[in-house]
């Protein structure tokens, strides 16, 4: 029986290899594989207020190509207002400039439009993201390619909000755990400050099946602890299924 299990495993593995090498140009549906790059599951301990006198931003360096979605932590507050929140995402070309004058992405919302949204590209259920302390506000935009290892800068402004009537955003100070954020700093009115905004970045891919496999491999290698954990988990599940199958075969 064990020999049959080994043969079956080798057969399935061979099919995967053949599919990978001989059908590399098959197109994969968009966003079938999307993943978080920079971010954290923890609730930020502090918050800052964006209003007409203070904008807040963050620089960061993506670890992957094809950025298509971001989120920011919104602490619990009254959002039933008509003031405007504006998001800008730009390249950060040099030390002498905070960012280029041209936005890669511009998003505009009324405060009342900022709410938790169903997120089909992440493994955390919506009800788990909506906590008493607040929620992550997710927003998509057209895929931005060629951003791996390139410094980007985003900021939020609310030009029609008076101090005390703006919108609060989650903020980390001093530095605490922040997954995959290898470089970056928070900004207030385009000047660097200590700490980090509570944000996340999400990536997808463009290309064929081979590109998909490479993207999955790179993401797994970024978090080696999770790779080892899920690898062991898959082996354990396979052994359990094999044991159940052998037990049923013997009982026949």
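The values are calculated or read from the model by the stated rules, or taken from the named source; none is laboratory data. Note that the coordinates shown come from a computational prediction; the quantities given were computed from them, not determined experimentally. Glycine also receives a Cβ, built like all others from the backbone with ideal geometry; neighbour counts cover every protein chain displayed.
The table below lists the values:
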| read-out | value |
| --- | --- |
| Residue match in region 65-87 (condition: in contact with a helix residue (DSSP H, G or I) (Cβ under 7 Å, 6 or more places away or on another chain) and either under 22 Å from residue 41 (Cα atoms) or at pLDDT 95 or above (or both)) | yes |
| Residue among 236, 225 that is at pLDDT below 75, over 26 Å from residue 139 (Cα atoms) and more than 17 Å from the chain's Cα centre (by Cα) | 225 |
| Residue count, region 55-76 (criterion: assigned to a loop (DSSP other than H, G, I, E, B) and at negative phi) | 7 |
| Residue, modelled with the lowest pLDDT, within region 35-54, restricted to residues that are surrounded by fewer than 19 Cβ atoms within 10 Å (Cβ to Cβ) and not in a strand (DSSP E or B) | 41 |
